[in-house]
Amino acid sequence: MEFILTSAMMVVISAFIGGVTNYIAIKMLFRPYRPIYLFGKKLPFTPGLIPKRRDELARQLGKMVIEHLVTPEGIKKKMEEVSFQQKIQSFLLQSIDAWLAKQKTLTELLEEYGVSNSKEMITTRLERAIEKSILHFFNTDQKVSHFLPQEWKKNIELQIPNLAEWIAMKGVQYVESDEGKQALQRMIDDFLQQKGTFGGMIQMFLGNLNIADKIQLEAAKFFRHQGTIDLIYSILFKEWSRLLDMPVSEVTSRMDKDKTSLSIAKLISEKIRIYETLDKPISELVQPYKQAITEKMLPAVISSSVLYLQNSVEQIMKAFDIDEIVTAQVESFSVERLEEVVLTISKREFKMITYLGALLGGIIGFVQSIIILFI
């Protein structure tokens, strides 16, 4: 009976000592927070291990994060996952839909960013930009042909024969009309009057024959003749070729460039209907293109962005200095806060270590009681 009581006491005492020892050892990781001095000398084991090594711990944590936890390879691998890209696309779609659902106009959006009188400002700037571009075009020394697409030039040249025939036809119509006949009669009368006596002799020689009728008939034949049409075509083609070879500045040299460019700029501005556009909800402006944005543009932007980030992730991480961020963050913690963080993560393990110390102490106490029994 005495042996049992002795063994029980030794087991309890050893278990208590083992548990308390481990508990104190765990506490000494953090406590005391600051060095303790006695008679001017610092007591050993003060401050605790973690307060004493906090700077080194912060550096090691930063190094561990950048080398083993948040690595460029890990980030690249994550970006390659289809699910990751789908999450990004889903998030962006939701954000776009939520933003468009606000039914804001462009004017309201610009006002939110501090742009007041946006309508007048945009109209003025647009007109100035257009006017400047037109003036630059009017003053350029490049040839007209430089600004015309090859297809346009080809189509215009194909229409020159039709234009020549149209001019000839209009000539025939005018000459055969009453207005044309009267114009011919006036021209003949003026000609004969200018010739004086010689003109009177011609009139007497022709007698009652109406010269205008004769000339009208011949003029109509002239315009109908294929040679006339070919001549008109030749003139038009030569002038067209000469125009293509002329500098734009020479073509526009006889016009008031400032006034013309301003008029064109105002006309374009009116056709664009800036005021009407700015007063429309953004959702209405985007609606015709929403399907293309969500099905084509957005996936393409995400894909290219992910590819760019994958190629640049190492440089980006170096620029962020993640290890220094972690180090600075840990160093900014008070010792109490650092203890709280560590205990939050490892509280259960620390308890198990305490219990393990008590268990080992109890086992050692029991073994000691057995040894004492046989001594």
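Values quoted throughout were computed directly from the atomic coordinates according to the rules given, and no laboratory measurement underlies them. Because the structure is a prediction, the values reported are computed rather than measured. Please note: Cβ atoms are built from the backbone with ideal geometry, for glycine as well, and neighbour counts cover all protein chains shown.
In this structure the amide hydrogen of residue 104, modeled in the peptide plane, comes within under 5 Å of the amide hydrogens of 282, 283, none closer than 5 places in sequence on its chain. Across 107, 327, 228, mean-square fluctuation computed from a Gaussian network of the chain (C-alpha pairs under 10 Å connected) peaks at 228.
By other beta-carbon atoms within 10 Å, ranking 36, 345 with the fewest at the front produces 345, 36. Anyone know which of 360, 267, 92 comes out most mobile in the 10 Å Cα GNM of the chain? For the chain, modelled as a Gaussian network with Cα springs under 10 Å, the answer is 360. Amide H to amide H distances under 5 Å link residue 333 with no residue, where only residues 5 or more positions off or on other chains count and H is placed in the peptide plane. Taking Cβ atoms as reference points and 11 Å as the exclusive limit, the residues near residue 331 contribute a net charge of -1, counting Lys and Arg as +1 and Asp and Glu as -1.
Segment residue 140..residue 116, full-extension length gain: 5.0 nm, with 0.36 nm per residue of separation and the alpha-carbon distance subtracted. Converting phi to 3J(HN,Hα) with the Karplus coefficients 6.51, -1.76 and 1.60 and the offset θ = phi - 60°, the stretch 256-273 yields 7, 5, 4, 5, 5, 5, 5, 5, 5, 4, 5, 5, 5, 4, 5, 5, 5, 6 Hz in sequence order, with x at every glycine or proline. Excluding residues on the same chain fewer than 8 positions from residue 181, give the lysines whose Cα lies under 20 Å from its Cα. Filter leaves 170, 214, 221. Sorting 278, 158, 244 by the number of Cβ atoms found within 10 Å of their own Cβ, with the fewest placed first, yields 158, 244, 278. Roughly how tilted is helix 82-100, in degrees to the nearest 10 and between 0 and 90, from the longest Cα axis of the chain? That helix lies at roughly 60 degrees to the long axis. Using a Gaussian network model of the chain in which every pair of alpha carbons under 10 angstrom is joined by a spring, one finds that among 157, 73, 127 the greatest mean-square fluctuation is at 157.
Length available on full extension from residue 303 to residue 287: 0.36 nm per residue minus the Cα-Cα distance, which gives 3.4 nm.
Starting from the Cα gyration tensor of the chain, take the square roots of the eigenvalues, sort them a ≥ b ≥ c, and report rounded, prolate or oblate (rounded when a/c is under 1.5, otherwise prolate if a/b is larger than b/c, else oblate). Because a/c hits 1.5 or more and a/b exceeds b/c, the chain counts as prolate. For the stretch 127-134, 3J(HN,Hα) computed residue by residue from phi via the Karplus equation (6.51, -1.76, 1.60; θ = phi - 60°) reads 4, 5, 5, 5, 4, 4, 5, 5 Hz, glycine and proline entered as x.
Listing 138, 333 from fewest to most neighbouring C-beta atoms within 10 Å gives 333, 138. What lysines does residue 52 reach when the alpha-carbon gap must be under 25 Å and sequence neighbours fewer than 8 apart in one chain are set aside? Output for residue 52: 27, 41, 42, 63, 347, 351. Summing Cβ point charges (Lys, Arg +1; Asp, Glu -1) relative to the Cα centre of the chain gives a dipole of roughly 1320 debye. Computed from the C-beta positions of residue 336 and residue 316, the FRET efficiency with R₀ = 35 Å rounds to 0.50. Summary of packing: across the peptides 94-106, 46-58, the per-residue average of other C-beta atoms within 10 Å ranks them, highest first, as 46-58, 94-106.
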